Amino acid sequence: MRYFNSDIETKPLPQLRQLQNQRLRQLTAYLYERAPFYKKQLDEAGIQPNDIKGVEDLHRLPFTRKHHLRDNYPFGLFAVPEQEVIRIHASSGTTGKPTVVGYTRQDISIFSEVVARSLVAAGCQPGMKLQNAYGYGLFTGGLGLHYGAELLGMSVIPVSGGMTDRQLMLLQDFQSDAISCTPSYAQTLAEQLDKRGIGLSQLNLKVAILGAEPWTEAIRQQVEVGLGVHAINIYGLSEIIGPGVSNEDFEEKGTGSYIWEDHFFPEVVDKDTGEPLPEGEYGVLVFTTLTKQAMPLLRYWTNDITNIYYEHSYKRTHIKMGPIRGRSDDMLIIRGVNLFHTQVEEAISHFGHLSPNYQLVVTREGTMDSVEVKVEVEPAFYRGLILAGPWTEAAARNPTLYALQHELAKKIKDTIGLSMKISLCEPGSIPRSEGGKLGRVVDLRKM
Ligand code: DLL
């Protein structure tokens, strides 16, 4: 099976647009009638539902932002009576109350379909065993992957996140064909396999479906080698549906992820002005859910920074998005320079002796911000070093490490424009994902 829904996934663009236009017209009327929040938003903007003829008119509508969801906590944005909501998820915010989302039966069926499409794109097939190591619970990852995989006809092993001993046992005993988890947890699993001397021949893994946090080509490399898989990107957010808003195709790895735009219409806008940006330019990703019933959103401001573009050399017609560069709300501003931790990760990836296990520690002395990059050296390189005494002292005296440290600092200075302190660390010394999303930045300025 190459497509889960080939009719939709390969629909010629003019027809896809027609479908989107029709769905958007219906949605605007639906929300105006059923969601007091949106009636007010549209009235205030002086827009009548009839003014919206199609996606061309989207830019006239106001954005919906995370605080609107919080202001209407918990169920104020539901557009259906509570009895029609058959599931509720929530994502934990950094502050205060979680963001709540609801699904009707039809929403769950759409959710399952987009995840099933995503899994097929990732290289999964009916009959394959999926070890689902996303957390089950209020987080959309666990149940989202679960229902989609069942719809596709895979055998789901619902392990949930963490419990590394059990994950490794099941990978071997059940011979799972695929695993779904965060990229940082896939790194943990790869490392633990190596540490315990479990060879890839004892596993049957072919695919890892990784998402819920930003990751890079360096992590892809590490996971692909360490787990013997294609490592494929899955993207999504609770507010829009959960995982499966977009997904990479395993045969087009590294060229972006298909957004299932018959359900989720994307725009990329300037993060300061909100103006829509031309195809290919980087900005904030904004989604309109075209088909949801319980809690549809118009122009939801995701805060995620990326770009979107059509590629005409493949059979799927849907638009692609590049990897998430970071979130505009967790973008660091260091001495006036905007910084995403993935930029540092990119710089690190140029050095073969350094691993993609790193952490940024941001501190402030007076008015001066400084960043320390803690990065582990590769285990093989580490084993080859002859050091006298404990690591920190010996490392400072070792000429190879000293040179490496300086080269990385220079690379960062040249590419990002900031001077950072580099601390090379022993393998295993930087915190690992224990099953969920991993924080790569410790910002001590806020504490
Ligand atoms: O993380 C949904 C999900 C579950 C996606 C499992 C993929 C796999 P939230 O907890 O609401 O939902 O967090 C959404 O996580 O706005 C992005 O900032 C980030 N994110 C999700 N997927 C990716 C990805 C789930 N593939 C937020 N790459 C989003 C980068 C991602 N960031």
(message) Can you tell me how many residues within region 219-260 are of a type in the set (Phe, Trp, Tyr), more than 12 Å from the ligand (Cβ to nearest atom) and open to solvent by 10 Å² or more (accessible area, probe 1.4 Å)?
(response) 1
(message) I'd like to verify a number: residues in region 389-422 that are surrounded by fewer than 17 Cβ atoms within 10 Å (Cβ to Cβ) and farther than 15 Å from residue 350 by Cα, how many?
(response) 13
(request) Starting from region 293-306, take each residue that is assigned to a strand (DSSP E or B) and open to solvent by less than 10 Å² (accessible area, probe 1.4 Å) and list its partners that are within 8 Å of the ligand (Cβ to nearest atom) and among the acidic types (Asp, Glu), counting only C-beta distances under 9 angstrom and pairs at least six apart or across chains. (result) 300/239; 302/239
(request) May I ask you to list the residues in region 261-283 that are β-branched (Val, Ile, Thr), surrounded by fewer than 22 Cβ atoms within 10 Å (Cβ to Cβ) and touching a residue at least 12 places away in the same chain (Cβ under 8 Å)? (result) 269
(request) All but one of (1) buried (at least 20 other Cβ atoms within 10 Å of the Cβ); (2) among the hydrophobic types (A, V, I, L, M, F, W, C); (3) more than 16 Å from the ligand (Cβ to nearest atom) hold for residue 75, so report the exception by its number. (result) (1)
(request) Can you give me the ranges of the helices (runs of 4 or more DSSP H) entirely in region 350-447 with at least 3 residues that are more than 24 Å from residue 215 (Cβ to Cβ) and touching a residue at least 12 places away in the same chain (Cβ under 8 Å)? (result) 399-416
(message) Given the criteria among the aliphatic types (A, V, I, L, M), buried (at least 18 other Cβ atoms within 10 Å of the Cβ) and at pLDDT below 85, does residue 347 qualify?
(response) no
(request) Can you tell me which residue within region 121-157, out of those that are hydrophobic (A, V, I, L, M, F, W, C) and part of a strand (DSSP E or B), is least open to solvent (accessible area, probe 1.4 Å)? (result) 130
(request) Select from region 179-213 the residues that are surrounded by 24 or more Cβ atoms within 10 Å (Cβ to Cβ) and assigned to a loop (DSSP other than H, G, I, E, B) and list them in ascending order. (result) 212
(request) Look at residue 144 and say whether it is within 11 Å of the ligand (Cβ to nearest atom) and in contact with a helix residue (DSSP H, G or I) (Cβ under 9 Å, 6 or more places away or on another chain). (result) yes
(message) Taking the conditions exactly as written (more than 19 Å from residue 142 (Cα to Cα), touching a residue at least 24 places away in the same chain (Cβ under 8 Å) and within 13 Å of the ligand (Cβ to nearest atom)), does residue 182 satisfy them or not?
(response) no
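Rundown of residues vs (1) buried (at least 16 other Cβ atoms within 10 Å of the Cβ); (2) within 25 Å of residue 266 (Cβ to Cβ); (3) touching a residue at least 40 places away in the same chain (Cβ under 8 Å); (4) touching a helix residue (DSSP H, G or I) at 6+ places or on another chain (Cβ under 9 Å), yes/no style:
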site: 46; (1), (2), (3), (4): no, no, no, no
site: 59; (1), (2), (3), (4): no, yes, yes, no
site: 67; (1), (2), (3), (4): no, yes, no, no
site: 89; (1), (2), (3), (4): yes, yes, yes, yes
(message) Consider region 65-91. How many of its residues are among the β-branched types (Val, Ile, Thr) and under 18 Å from residue 26 (Cα atoms)?
(response) 1
(request) Just name the residue that is farthest from residue 102 (Cα to Cα) out of those in region 158-169 that are part of a loop (DSSP other than H, G, I, E, B) and open to solvent by 30 Å² or more (accessible area, probe 1.4 Å). (result) 163
(request) Just give me the residues in region 94-112 being at pLDDT 95 or above and open to solvent by 40 Å² or more (accessible area, probe 1.4 Å), in sequence order. (result) 105, 106, 109
(request) Give 335, 325 a once-over and let me know the one that is of a type in the set (Lys, Arg) and touching a helix residue (DSSP H, G or I) at 6+ places or on another chain (Cβ under 7 Å). (result) 325
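The values are calculated or read from the model by the stated rules, or taken from the named source; none is laboratory data. Only a predicted model underlies this, so the values are computations on that prediction, with no experimental measurement involved. No Cβ is skipped: glycine too gets one built from the backbone with ideal geometry, and neighbour counts run over all protein chains shown. Heavy atoms of the whole protein, side chains included, go into the accessibility calculation; ligands, DNA and RNA do not. Shrake-Rupley method; radii C 1.70, N 1.55, O 1.52, S 1.80 Å.
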